[in-house]
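Reading through the structure tokens given below for one structure.
FYI, it's all coordinate maths here, none of it is from the lab. Worth saying up front: this structure is predicted, and the values here are computed from it rather than measured. Every residue, glycine as well, gets a Cβ built from its backbone with ideal geometry; the counts of neighbours run over all protein chains shown.
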Amino acid sequence: MDPKIHRPHAQCCRTGHGFQPGDSIVSALVRTPEGLLRTDTLATAWTGAPEKAVAWWRSTFPKPDATGAVLAPNDVLLDIVEQLDGQEPEAALRYLLALQLVRRRVLRFVDQPTNTSATSRAPASTEA
């Protein structure tokens with residue numbers, strides 16, 4: 001499951017007032033028949049989590065020129081994954097980077113071959 005959660009709306013879902021950069025807002029994910037819906041509310045208008053809320057959090061409405069996180073290019077992530085090979089203390093980081101590369105469709109899961117009866121049998125004898 002990879003839900004698509006949009007950025008904050010430009011206005012409060014309860015009051016209809018537009019958000020200003022720096023406003024404290026409370027966002028919630030609400031389960032609906034169509035899927036998860038994000039709602040954004042001014043912190044001063046927040047009266048509690050909606051009935052079918054899955055999660056909620058406080059944040060600050062961003063400035064228009066604020067940029068999101070800058071993500072590393074795929075080749076850089078691949079290099080790091082290769083550099084971390086065999087480093088046991090960094091296994092968790094390597095796993096997370098590999099998952100990110102799977103998400104970006106650079107890597108993919110491949111089924112491991114299983115031992116079948118044909119491969120587990122002893123080779124046939126050539127003696128007559």
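Observations
- Overall Cα dimensions of the range 1-85 - principal axes, largest extent first, Å: 51, 33, 18
- FRET efficiency for the CYS13 to LEU71 pair, using the beta carbon distance and R₀ = 41 Å, is estimated at 0.90.
- Sorting 106-114, 44-52 by average packing, meaning the other beta carbons within 10 Å per residue, from highest down gives 44-52, 106-114.
- The range 48-106 - Rg over Rh from alpha carbon coordinates, Kirkwood radius: 1.18
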